[in-house]
Amino acid sequence: MKDTPGWASPGSAPSGGQEPDQQGSAQPADQSGADQAQSPSKWSKEQPPPAQWTAPSPQGPGQTPPPPPPVPGWGGHPGAPQPGTQHPGPGGYGPPGGHPGYGAPGPGYGAPGWGGGWGGPPPAAKPGVIPLRPLGIGEILDGAVSTMRTHWRTVLGISLTVAVITQIAAILLQGLVLNDTANSDVLSDPTATPDELGRALGDTLLTTSAVLVISLLGTIIATALLTTVTSRAVLGKPVTTAEAWRDARPQLLRLGGLTLLLLLIAGLIMTVGVLPGILVAAGGSAGAGVLLALVGGIGAFALTVWLMIRFSLASPALMLEKQGVAKSMNRSVKLVRGSWWRVLGIQLLAAIIAYVVASIVVIPFSVVAALLDGNGISDFIASGGANIGWTYLVISGVGAVIGSTVTFPISAGVTVLLYIDQRIRREALDLELGRAAGVQGYGGDTPAATPGS
């Protein structure tokens, strides 16, 4: 004789042969009427309402078992696969007939368990010189060097050609015009009249400015061509010098206008900063004027650096997005916003690296040129570099050509890759680059970001 209610839920009718009420359930099948009459009820008359207790019975068809408790070493989250558990066949994690579980080694998993074999998300696609994801400082610098190493024929061909042309023009200008003995003598003569000093100083500034303009034009052309090469290198696609020229030529005038505009803005800010001090000094208060000019110059320099960093990505925006001057400056401001210090640090690091590399190459050539020119390096130092001969110009020019050939790709490459990195971070440009590079399944149906957004 059984005296238990079986597997009925706690809301069953008492075992006294009474009819089940609305909260009860059917009598167990294995209990007879005599047993029910003799067995006292083991349930309290006060039962909780239905639907608040679950029957202590196995899971029925279509019901999902509760998630197992967390197990240390499996991520600590409910629902993680447990060691040694079997997994279903089709639609599950394992083949038909079960799987030994993720805790045991199996084919294709490499290491036991997720905690030891799963190393994070899959690596980003890298069709070219950089991976298509947000970049670190080292990856940006490495990408610039990798571009020069991978496409060395095109990169060095462009840099060498531009450097040779600009240096030849600068050497001719310095040797024929700037190295004027008459002007040098006047500037070093303490008895020269103010008119003679002003005329000699004006001629020197004019020729020096002409040399700077020639160098600036060479930098603009090299930057434009190398921007195209670097953008193709990101996609893993080679480009010839003729193709780079054909792609960059329509934007050269705009790039020149952008460069001159930025120089004009910087010069205007510096002039406004030091001009009050100069006027005060000219009025008779030399000490106050110098102090005011110093404070104004420091403030103007800080403002100039702030603006130039905000506009530092305007050049690649102009070349790669085919934008105008004003639009490219606006794009640069949007891309740099919120990352000003990061952009400053990367640009400053690239400038230091380029300067160190150029100095390592140029300084030995300059020393050798001074030793071989005229009466040696002592005469060169005594004259302050005023009387320089063709020997010095040619030898130092060779060093300048080599230095520019190496530094042009570094400076241009870092700026372009920094621009691409900022667009990846803000506009998901990596998806568009993946599609352009032909990476299968990369970026799927995700719409590309619209330039200018």
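What's the number of the only condition in (1) under 20 Å from I165 (Cα atoms); (2) not in a helix (DSSP H, G or I) that G236 fails to meet?
Against the list (1) under 20 Å from I165 (Cα atoms); (2) not in a helix (DSSP H, G or I), G236 comes up short only on (1).
For the subset of segment 284-329 comprising residues that are within 18 Å of V416 (Cβ to Cβ) and among the polar types (S, T, N, Q), which member is farthest from the chain's Cα centre (by Cα)?
Once the filter is applied, the top-ranked residue is Q323.
Considering every residue within segment 309-328, establish whether at least one is surrounded by 17 or more Cβ atoms within 10 Å (Cβ to Cβ), modelled with pLDDT of 95 or more and farther than 26 Å from R232 by Cβ.
Scanning segment 309-328 turns up at least one residue that is surrounded by 17 or more Cβ atoms within 10 Å (Cβ to Cβ), modelled with pLDDT of 95 or more and farther than 26 Å from R232 by Cβ.
A quick yes/no check of all residues on (1) touching a residue at least 24 places away in the same chain (Cβ under 8 Å); (2) within 30 Å of R133 (Cβ to Cβ):
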{"position": "A224", "(1), (2)": "yes, yes"}
{"position": "L235", "(1), (2)": "yes, yes"}
{"position": "A248", "(1), (2)": "yes, yes"}
{"position": "Q251", "(1), (2)": "yes, yes"}
{"position": "L261", "(1), (2)": "yes, no"}
{"position": "G289", "(1), (2)": "no, no"}
{"position": "G297", "(1), (2)": "yes, no"}
{"position": "A300", "(1), (2)": "yes, no"}
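Could you tell me whether any residue of segment 331-339 is touching a helix residue (DSSP H, G or I) at 6+ places or on another chain (Cβ under 6 Å) and among the small types (G, A, S)? Lay out the reasoning, then the answer.
Kept after step one, since they are touching a helix residue (DSSP H, G or I) at 6+ places or on another chain (Cβ under 6 Å), are these residues of segment 331-339: 331-333, 335-336.
Going one step further and asking which of them are among the small types (G, A, S), we end up with 332.
Yes, segment 331-339 contains at least one residue that is touching a helix residue (DSSP H, G or I) at 6+ places or on another chain (Cβ under 6 Å) and among the small types (G, A, S).
List every residue pair whose Cβ atoms lie under 7 Å apart, where the two residues are 6 or more positions apart in sequence or sit on different chains, the first residue falls within segment 332-352 and is modelled with pLDDT of 95 or more, and the second residue, located anywhere, is among the charged types (D, E, K, R) and exposed (fewer than 14 other Cβ atoms within 10 Å of the Cβ).
Going by the 7 Å Cβ cut-off, there are no qualifying pairs.
Give the residue, chosen from A369, A302, that is part of a helix (DSSP H, G or I), modelled with pLDDT under 95 and of a type outside the set (V, I, T). Write out each step before concluding.
Details: A302 fails: modelled with pLDDT under 95.
From the options A369, A302, the qualifying one is A369.
The values are calculated or read from the model by the stated rules, or taken from the named source; none is laboratory data. Source: prediction; values computed, not measured. All Cβ positions, even for glycine, are placed from backbone atoms using ideal geometry, and neighbour counts span all protein chains on display.
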